[in-house]
1. Filter segment 176-203 down to residues that are in contact with a helix residue (DSSP H, G or I) (Cβ under 7 Å, 6 or more places away or on another chain), closer than 21 Å to LEU36 by Cβ and either among the polar types (S, T, N, Q) or in contact (Cβ under 8 Å) with a residue 24 or more places away in the chain (or both), then give me how many there are.
2. Would you please name the residue that is farthest from the chain's Cα centre (by Cα), looking only at residues in segment 12-46 that are within 16 Å of ligand 2 (Cβ to nearest atom) and closer than 21 Å to PHE205 by Cα?
3. When only residues in segment 134-155 that are polar (S, T, N, Q) and over 17 Å from HIS181 (Cα atoms) count, which is nearest to ligand 1 (Cβ to nearest atom)?
4. Which count do you get for residues in segment 50-80 that are more than 25 Å from VAL95 (Cα to Cα), part of a loop (DSSP other than H, G, I, E, B) and away from ligand 1 (no atom under 16 Å from the Cβ)?
5. Just to verify a result, which residue in segment 81-129, among those that are within 28 Å of THR159 (Cα to Cα) and of a type in the set (S, T, N, Q), is surrounded by the most Cβ atoms within 10 Å (Cβ to Cβ)?
6. All but one of (1) under 30 Å from LYS185 (Cβ atoms); (2) part of a loop (DSSP other than H, G, I, E, B) hold for ASN20, so report the exception by its number.
7. Has segment 89-99 got at least one residue that is closer than 26 Å to TYR17 by Cα, within 16 Å of ligand 1 (Cβ to nearest atom), in a strand (DSSP E or B) and not polar (S, T, N, Q)?
8. Could you please give the count of residues in segment 175-223 that are within 20 Å of the chain's Cα centre (by Cα), charged (D, E, K, R) and more than 16 Å from ligand 2 (Cβ to nearest atom)?
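Bear in mind that the values in this text are calculations on the coordinates, not laboratory data. All values reported here derive from a predicted model rather than from experimental measurement. Glycine also receives a Cβ, built like all others from the backbone with ideal geometry; neighbour counts cover every protein chain displayed.
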Amino acid sequence: MSGQTLIFGHRGFPAKYAENSIEGFRYAIANQIDGLEFDVHLTKDNVPVVIHDETIDRTTNDKGIIHDFTLSELKEFRLANNETIPTLEEVLELVGNSSVQLNIELKTDKTNYVGIEEIVLTMVKSYNLAKPVIYSSFNLETLKKCNTIDNSQLYCWLTMHTVPDADLFVKKLGLSGLHLHHYQKIDTLQRIWTVNDTFKLKKLFNLNVAGIITDNFEKAVKVRENIAKKEDY
Ligand code: G3P
Ligand code: CA
């Protein structure tokens, strides 16, 4: 793999700001993060919203299932920083034409959001983003549907497990790479999640993986800079 390992903020910058919040995304963009990873679900009225869980219980001031609320109902609830749950459109507006690369995770592993692939791909295409979006999902069927809709986009399968014959697997499915929990010695492009530990960060930067996804991008940037400085001597 050539080029330096890119650093993606896992749900924005949760080490300092509410996860998947506009505040966290804004800070990361203003501070030149390479990429942002975030999670997308559909409301009852099929609006893509940016939140990790299938419910609002953990990250807002109320309880309930996302898909049971319309967007206007969902907008009544507050994140820990008093913001509302962002829509995908709000995040895309914020990113604008900045150089930040997006990794949109389609959260279809527990809920079957009918039509999410078409809705999200169509919405993203209507924005003039500087970098190609990376779409990821734990649900392979979702990525297959995406590929049927538009095979020119970047799709990466998310998995906790070792992927046997990874290079062949990726080629057969028309994926652009894998988002792995554990590094694999493969030719295929890989990004590793969620890497917060200094030792692991150093190891993955030295292995020159395509990307790491981290809760603390500022720490990861420092680790990457220190490796680069040593190489200069
Ligand atoms: O994209 C990597 C990572 O976000 C997947 O796990 O549960 O944090 O969405 P999770
Ligand atoms: Ca995620």
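1. Residues that pass the stated criteria total 2.
2. The residue in question is ALA15.
3. Among them, the one singled out is THR142.
4. Here the count works out to 5.
5. Ranking the qualifying residues of segment 81-129, first place goes to ASN103.
6. (1)
7. Filtering segment 89-99 for residues closer than 26 Å to TYR17 by Cα gives 89-99.
Going one step further and asking which of them are within 16 Å of ligand 1 (Cβ to nearest atom), we end up with 91.
Among the residues that remain, those that are also in a strand (DSSP E or B) are: none.
No, the conditions are met nowhere in segment 89-99.
8. 4
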